[in-house]
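Structure, as structure tokens:
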Amino acid sequence: MKHAIIIGATGLVGSTLTQQLLKDDYFSKVTLLVRKPLTISHPKLEQVIFNFEHPDTNKVKGDVLFCAMGTTLKKAGSKEAQYLIDCEYPYRVGQIAKSNEIESYILVSSIGADANSSGFYLRTKGELEQKLSALGFAKLVCVRPSLILGNREEFRLGEKLGVVLDTILSPLMIGPLKKYRGVHVDKIVRMLIKASKESFPKKTTFIESDAIYGL
């Protein structure tokens, strides 16, 4: 049985992932690295108060690190703040995880992630993928979903509009366009957990949204 660590447990993907890992007998322990305690309890669950600015290396220990960290420009307040949350914090925790001999890092990235992208968000996600890959984990899996569908606690106008468009256009997205269909959070989480258990031929693996959609 494995010990899972999650950063980004408060978001839609992270909270769903937490619930599913707690139900999975493959994992004997689930540790959340959080800024403040969450209103959730379970015999397998451990909540660790964690300062991402000044991380305690002794608190990042386990077998598999899952990262579902992410924010929006509006919520972060600036590109600099968003970059910290979307790239720097996940990378810093990754550095600690690697030094503590954690073998697997399972990342929620984004469709179109590219360090050379002209778009800030996709460039940020691409840079994170590159930086984590350079750390040399035995297994790094970058899961790249398209529009994430599910019930968020916070209202995001852009995503609501995206869901409407996805509902209209999804039947037309076939062939190469299939990967741009919206994908439900439950399927993303199933892929994250599946990837954590599987072996891959390369140290760094990218799983595109159309592969998630088929779960």
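Observations on the structure shown:
- Top-ranked residue in segment 111-144 [being closer than 19 Å to residue 211 by Cβ and charged (D, E, K, R); ranked as surrounded by the fewest Cβ atoms within 10 Å (Cβ to Cβ)]: 114
- Only one of 120, 155 that is more than 27 Å from residue 56 (Cα to Cα) and at pLDDT 95 or above: 120
- Figure legend. Inter-residue proximity from segment 180-204: first residues under 14 Å from residue 142 (Cα atoms), second residues of a type in the set (Lys, Arg), beta-carbon distance below 7 Å, spacing 6+ or different chains. Indicated pairs: 200/139; 203/139.
- Condition met for residue 105 (crowded, with 24+ Cβ neighbours inside 10 Å and either of a type in the set (Ser, Thr, Tyr) or in contact with a Gly (Cβ under 7 Å, 6 or more places away or on another chain) (or both)): yes
- When segment 1-44 is filtered for residues that are of a type in the set (D, E, K, R) and in contact with a Phe, Trp or Tyr (Cβ under 9 Å, 6 or more places away or on another chain), the ones remaining, listed by number, are 2, 35, 44.
- Residue pairs whose Cβ atoms lie under 6 Å apart, separated by 6 or more positions or on different chains, with the first residue in segment 21-48 and within 24 Å of residue 198 (Cα to Cα) and the second assigned to a helix (DSSP H, G or I), are 27/21; 30/21; 30/22; 44/22.
- Screening segment 181-215 for residues that are among the small types (Gly, Ala, Ser) and more than 14 Å from residue 146 (Cα to Cα) and picking the one that is farthest from the chain's Cα centre (by Cα) gives 199.
Every residue, every condition in (1) of a type outside the set (Lys, Arg); (2) out of contact with any Asp or Glu (no Cβ under 9 Å at 6 or more places or on another chain), yes or no:
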residue: 75; (1), (2): no, no
residue: 87; (1), (2): yes, no
residue: 118; (1), (2): yes, yes
residue: 124; (1), (2): yes, no
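The values are calculated or read from the model by the stated rules, or taken from the named source; none is laboratory data. As the structure is a prediction and not an experimental result, all values here were calculated from the model. No Cβ is skipped: glycine too gets one built from the backbone with ideal geometry, and neighbour counts run over all protein chains shown.
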